[in-house]
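Please read the structure below before turning to the comments.
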Amino acid sequence: MPRILITGGAGFLGSHLCDRFIKEGYQVIAMDNLLTGSKDNIAHLFPLPEFEYYHNDVSNFVHVAGPLDYILHFASPASPIDYLKMPIQTLKVGALGTHNLLGLAKEKKARILVASTSEVYGDPLIHPQPEEYWGNVNPVGPRGVYDEAKRFLEAITMAYHNYHGLETRIIRIFNTYGSRMRTDDGRVLPAFFSQAIRGEGLTIFGDGSQSRSFCYVDDLVEGIYRLLLSDYHLPVNIGNPDEITIMDFAKEVLALVNNPAAHIIHHDLPVDDPKIRQPDITKAREILGWEPTVDREEGLKRTFEYFKTVVK
Ligand code: NAD
Ligand code: UDP
């Protein structure tokens, strides 16, 4: 049985990854400090003998007894309101946390996959974004704490690969959604679903002409699984290229939830909010044979079923 450590294992993506690797027959260790995650996301795994949970802040120190074959480093605040509230923890987990996990991977001779982000492209001047694009990031703006932490994560991961010969994988994740997102994490999809279900105003930041491309969580998990088992060490974009403006996205959520009290309101656009975003997934297609299979209509329907059960 291969043994895998998943940091951020109690979070949205981490908990779905725990499910997937348990299903594939791995021994799974979820490590988390519950900064933005919750044990509720993995409560169903606790009775399984092949599952372990370690409560630990990976920015301080990481110890795992026994052998490890793989590490997935997903610990980090991920929503803009989370990382704006916790700028130092965000920088530390991207920098010190990543360093600790690379050190652990080296000691255990494990392969490590680190979670990077489309935010490394900043407010992009090239569209859609291929992996070769170096990005347009404001290092001293409010989002810099996340974007630069992830750029450092990529740089130190490449250094461990080149200098120590470590087996490394880097995924650049574009906006992903699905069950287990926190209703109050401030990201656009949980915000809109919660507001629509409660019959409140859907808070569009700015005029809503900015765009994003939303990927359903099961598709992302499949991409991560394939990348981990591939032999490709350079960054790979995983996301759904189907791009939509935030205004049109709000209208889709309104139509699906169908609550006559819900409506659209406008708030100020946050500083440095990227205007456009769409992954170029040529590499994922060619190297991993991966592409998304769940379209937004289907993904939103499934996610609505989840939000119905958790929005108070
Ligand atoms: P999330 O907030 O649900 O999960 C992050 C998890 O990391 C939480 O459980 C949190 O408690 C844990 N964590 C944070 N700091 C920690 C620390 N110092 N030590 C141990 N655990 C810590 O967010 P998510 O959406 O699941 O994101 C997971 C990863 O994927 C992040 O690294 C994020 O940057 C990356 N990512 C996500 C998206 C997306 O659309 N969801 C997009 C790009 C990148
Ligand atoms: N957004 C919005 N209303 C909200 C939350 C977000 O209009 O209540 C916008 C935000 O300005 C951005 C997009 O939706 O343009 C996606 O925001 P999110 O925080 O989900 O992720 P980002 O891609 O910005 O990291």
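Quick notes on this one:
- Cβ-Cβ under 7 Å pairs, at least 6 apart or on other chains, the stretch 165-182 side over 14 Å from Gln278 (Cβ atoms), far side open to solvent by less than 40 Å² (accessible area, probe 1.4 Å) and assigned to a loop (DSSP other than H, G, I, E, B): Ile170/Pro235; Tyr177/Phe214
- Which listed residue, of Ile81, Ile88, is under 15 Å from the mean Cα position of the chain (by Cα), hydrophobic (A, V, I, L, M, F, W, C), closer than 30 Å to Pro270 by Cβ and surrounded by fewer than 24 Cβ atoms within 10 Å (Cβ to Cβ): Ile81
- Residue check for Thr7: under 13 Å from the mean Cα position of the chain (by Cα) and within 16 Å of ligand 2 (Cβ to nearest atom): no
- Of all residues in the stretch 189-224, those being in a helix (DSSP H, G or I) and open to solvent by 40 Å² or more (accessible area, probe 1.4 Å) number 4.
- Residues in the stretch 204-230 that are within 13 Å of ligand 1 (Cβ to nearest atom) and aromatic (Phe, Trp, Tyr): Phe214, Tyr216.
- Positions within the stretch 66-97 being in contact with a helix residue (DSSP H, G or I) (Cβ under 8 Å, 6 or more places away or on another chain), near ligand 1 (Cβ under 10 Å from one of its atoms) and either closer than 23 Å to Glu222 by Cα or outside any helix (DSSP H, G or I) (or both), in sequence order: Leu72, His73, Phe74, Ala75, Ser76, Pro77, Ala78
- Test: residue in the stretch 185-197 that is in contact with a Phe, Trp or Tyr (Cβ under 8 Å, 6 or more places away or on another chain), away from ligand 2 (no atom under 12 Å from the Cβ) and more than 30 Å from Asp69 (Cβ to Cβ): yes
- Within the stretch 261-312, the set of residues being more than 21 Å from the chain's Cα centre (by Cα), surrounded by 11 or more Cβ atoms within 10 Å (Cβ to Cβ) and in a loop (DSSP other than H, G, I, E, B) comprises Ala262, Leu269, Val311.
- Of all the criteria given as (1) polar (S, T, N, Q); (2) open to solvent by 40 Å² or more (accessible area, probe 1.4 Å); (3) at negative phi, the one not satisfied by Asn258 is (3).
- Any hit, the stretch 99-121, residues being hydrophobic (A, V, I, L, M, F, W, C), surrounded by fewer than 17 Cβ atoms within 10 Å (Cβ to Cβ) and either modelled with pLDDT of 95 or more or assigned to a helix (DSSP H, G or I) (or both): no
- In this entry, Ile42 passes the filter for residues that are open to solvent by less than 10 Å² (accessible area, probe 1.4 Å) and away from ligand 2 (no atom under 16 Å from the Cβ).
- Within the span defined as the stretch 37-51, every residue fails to be within 15 Å of Ala115 (Cα to Cα) and in contact with a helix residue (DSSP H, G or I) (Cβ under 8 Å, 6 or more places away or on another chain).
- Residue that is farthest from Tyr26 (Cα to Cα), among those in the stretch 49-65 that are aromatic (Phe, Trp, Tyr) and within 13 Å of ligand 1 (Cβ to nearest atom): Phe61
The values are calculated or read from the model by the stated rules, or taken from the named source; none is laboratory data. This one's a predicted model, so the numbers in the text were calculated from it and none came from an experiment. No Cβ is skipped: glycine too gets one built from the backbone with ideal geometry, and neighbour counts run over all protein chains shown. Note: areas computed on protein heavy atoms with side chains; ligands, DNA, RNA excluded. Shrake-Rupley method; radii C 1.70, N 1.55, O 1.52, S 1.80 Å.
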